[in-house]
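Trainee: Mind looking over this structure? Questions follow.
Derivation of every value follows stated rules applied to the coordinates shown; laboratory data play no part. Bear in mind that the values here come from a model prediction, so they are computed numbers and not experimental data. Note: ideal-geometry Cβ built from the backbone for every residue, glycine included; neighbour counts use all protein chains shown.
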Amino acid sequence: MKKIIKNGTVVTSTDVYTADVLIEDEKIQAIGQNISDIYAEVIDASGYYVMPGGIDPHTHMDMPFGGTVTADDFETGSIAAACGGTTTIIDFCLTEKGKSLKSALEKWHAKSSGKAVIDYGFHLQIAEANEEVFMEMPQIIEEEGVTSFKIFMAYKDVLQADDETLFQTLVTAREHGGLVMVHAENGDVINYLTEKALKEGNTEPIYHALTRPPELEGEATGRAARLTALADSQLYVVHVTCKEAVEQIAEARRRGYRVFGETCPQYLVLDQTYLERPDFEGAKYVWSPPLRERSNQEVLWNALKSGDLQAIGSDHCSFNFRGQKELGKNDFSKIPNGGPFVEDRFSVLFSEGVKKGRISIHDFVNIISTQAAKLFGLFPRKGTIAPGSDADIVIFDPNVERIISVETHHMNVDYSALEGLKIIGEPITVLSRGNYVVKDKEFVGKPGKGKFLKCNKFNHDLYKETGQLEGLLKG
Ligand code: URP
Ligand code: ZN
Ligand code: ZN
Ligand code: ZN
């Protein structure tokens with residue numbers, strides 16, 4: 001059925017204006033004044049913002065990690081995302097050494113199809129450098145609609161790949177239109193510091209942070225950026241947490257490298273002291289890279305505002321405190337790494353960012369949705385309110401006050417890392433391709449309604465302004 005969203009304030013990354021939005025056949029058909037259609041259902045959005053649905057470019061649903069599996073799967077995780085105003089997630093598909101990339105994607109399709117309530121895409125991990133992998137990568141880009149590839153520079157002996165793998169992935173991505181993503185921490189040095197801490201009897205959650213200092217994130221970020229320049233390729237650094245890493249990204253961009261970065265809500269509002277909480281509570285805040293000293297928060301906000309960081313991902317990777325985080329009770333290195341943020345990413349950025357005057361409402365839409373759509377080949381289908389775009393829309397109350405709590409969240413996890421945080425703003429109604437997934441704050445979607453999104457290749461035209469590259473391998 002057709003819908004008209006009436007009298008809302010339409011917000012995009014460039015404009016704000018009062019208008020009606022006509023939706024038909026899952027798409028935005030028209031935007032204008034006084035649109036009427038006797039066959040359309042009218043949704044009154046007076047006093048509310050009408051914004052593109054959030055795009056979360058960083059989730060881990062139904063992912064095996066640290067001897068267990070994340071608490072949220074594609075069903076519970078996507079329901080929580082939708083309730084929080086996110087209408088697209090891009091999830092990380094893990095690969096297994098010695099097996100084809102295609103087989104990994106098949107596994108991730110099996111986890112997600114029939115379950116997701118909103119649309120979703122995949123990034124694909126590259127774990128090893130060999131002929132088969134680099135023969136298959138172009139095929140994955142052309143045929144599978146998966147165009148972004150993730151390298152872990154940390155988690156030694158588990159997910160970590162070496163620099164040769166990173167470099168060859170960058171070269172292959174450059175040749176075939178992929179975007180390379182890195183978890184940038186120096187895993188070898190972290191491994192040494194971790195073993196040393198445990199030998200010295202330091203087993204508490206805080207040692208998770210102390211064995212992964214920010215210098216090791218800065219070093220890995222700079223290394224990845226330089227290898228990107230050498231390969232004349234493009235890089236997206238996930239979950240940037242600190243000054244040391246932001247400086248490397250900013251410097252790379254000044255030099256004209258195609259280097260992009262994401263931070264996460266947790267790094268904007270929490271700090272390292274949370275890991276010191278007594279009775280093992282610190283384990284609730286164990287993820288990688290770790291929470292940092294509070295002074296880094298301002299650096300991250302400034303980078304979001306200046307454009308040195310482009311996006312915000314939740315890095316949603318939820319583990320229950322009871323039974324899962326507890327696996328590391330006597331050894332911090334055995335605490336499964338990750339936290340639950342897919343539901344709160346949108347509203348926390350709005351409240352802490354827009355309401356506190358740190359970013360503009362346009363910056364907000366850009367960071368929460370538009371930039372991710374552009375970087376990952378989904379724009380303008382996703383990421384904006386425009387005729388022809390999918391009707392992925394959040395009707396958002398920018399004034400309601402509320403408190404984040406495990407009591408009210410939809411994530412399938414027994415704690416909130418943001419428990420008690422007072423925020424302003426809440427999604428009232430959320431549409432996924434024109435269909436209600438949230439109506440008057442209640443989830444009304446259906447598992448299986450979310451579709452797999454084939455992402456387009458990395459679009460150089462969107463980033464022409466990044467200028468000249470060293471391009472040592474050009475040709
Ligand atoms: O601790 C985290 N972030 N867990 C998820 C995996 C990753 O590194 O993104
Ligand atoms: Zn990571
Ligand atoms: Zn992650
Ligand atoms: Zn509910």
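Trainee: State the extension gain, in nm to one decimal, for the chain segment bounded by E136 and E419, taking 0.36 nm per residue of separation less the distance between their alpha-carbons. Before the final figure, lay out the partial values.
Mentor: Numbers: separation 283, 0.36 × 283 = 101.88 nm, distance 4.41 nm.
Residue separation times 0.36 nm, minus the Cα-Cα distance, leaves 97.5 nm.
Trainee: Two-decimal Rg/Rh of the chain from alpha-carbon positions, Kirkwood Rh?
Mentor: 0.95
Trainee: Taking θ as phi - 60°, what are the ³J(HN,Hα) couplings along segment 380-393 by the Karplus curve (6.51, -1.76, 1.60), each to the nearest whole Hz, with x for Gly and Pro?
Mentor: Here the 3J(HN,Hα) series is x, 4, 10, x, 7, 10, 7, x, x, 6, 4, 7, 9, 9 Hz.
Trainee: In terms of Cα to Cα distance under 16 Å, which aspartates and glutamates are near enough to K355, apart from those fewer than 8 places away along the same chain?
Mentor: Candidates past the 8-residue exclusion: E298, D344, D363, D397, E401, E426.
Trainee: According to the Kirkwood expression over distinct Cα-Cα pairs, how big is the hydrodynamic radius of segment 86-147, in Å?
Mentor: On the way: mean 1/r = 0.0817 Å⁻¹.
When all Cα pairs of segment 86-147 are included, the Kirkwood radius is 12.2 Å.
Trainee: Quick one, what does Rg over Rh come out to for segment 2-65 if you take C-alpha atoms and the Kirkwood Rh? Write down the numbers at each step before the final one.
Mentor: Numbers: Rg = 15.4 Å, Rh = 13.3 Å.
My calculation of the ratio gives 1.15.
Trainee: With both bridge residues required to lie in the chain, what share of the DSSP beta bridges run antiparallel, to the nearest 5%? Numbers along the way, then the final one.
Mentor: Values: 32 of 67 bridges.
In the chain, approximately 50 percent of DSSP beta bridges are antiparallel ones.
Trainee: Please rank S103, S78, fewest neighbouring Cβ atoms within 10 Å first, as an exposure proxy. Walk me through the numbers on the way to the answer.
Mentor: On the way: S103 10, S78 34.
Lowest to highest Cβ neighbour count: S103, S78.
Trainee: Further, regarding this structure: Over the chain, what is the mean sequence separation of C-alpha contacts under 8 Å (at least six apart), divided by residue count, expressed as relative contact order in percent?
Mentor: On the way: 1182 pairs, mean separation 106.6, N = 475.
Relative contact order comes out at 22 percent.
Trainee: About the Cα centre of segment 53-382, what is the dipole size in debye to 20, counting +1 per Lys and Arg Cβ and -1 per Asp and Glu Cβ, all else neutral?
Mentor: Its charge dipole is roughly 760 debye.
Trainee: What ³J(HN,Hα) values, in whole Hz, does the Karplus curve 6.51 cos²θ - 1.76 cosθ + 1.60 give for segment 400-415 when θ = phi - 60°, with x put for Gly and Pro?
Mentor: Once θ is set to phi - 60°, the couplings for segment 400-415 become 5, 9, 7, 10, 6, 7, 4, 5, 10, 6, 9, 5, 8, 8, 8, 7 Hz.
Trainee: Taking R0 as 30 Å, what's the FRET efficiency between D157 and H460 from their Cβ-Cβ distance, rounded to 0.05?
Mentor: On the way: r = 36 Å, r/R0 = 1.21.
Taking R0 as 30 Å, the efficiency between D157 and H460 is 0.25.
Trainee: Holding the Cα-Cα limit at 27 Å, pick out from K3/K382; K27/K457; K3/K457; K382/K449 the pairs that are longer than that.
Mentor: Details: K3/K382 18 Å; K27/K457 22 Å; K3/K457 32 Å; K382/K449 17 Å.
Flagged as over cut-off: K3/K457.
Trainee: Can you work out the FRET efficiency for the pair R226 and N330, with r the C-beta to C-beta distance and R0 = 45 Å, to the nearest 0.05?
Mentor: Details: r = 40 Å, r/R0 = 0.88.
FRET efficiency, R226 to N330: 0.70.
Trainee: What full-extension length gain, to one decimal in nm, is calculated for K27 and D440 as 0.36 nm per residue of separation minus the Cα-Cα distance? Each step should come with its number before you reach the end.
Mentor: Values: separation 413, 0.36 × 413 = 148.68 nm, distance 2.12 nm.
My answer for the length gained is 146.6 nm.
Trainee: ³J(HN,Hα) across segment 313-321 via Karplus (A = 6.51, B = -1.76, C = 1.60, θ = phi - 60°), whole Hz, x for Gly/Pro?
Mentor: Each residue's phi maps through the Karplus curve to give x, 7, 6, 4, 8, 8, 10, 5, 5 Hz.
Trainee: Taking the Cα of K2, stepping 7 Å toward and past its beta carbon, and measuring to each backbone N in segment 415-453: which are under 19 Å?
Mentor: Backbone N within reach: 433-436.
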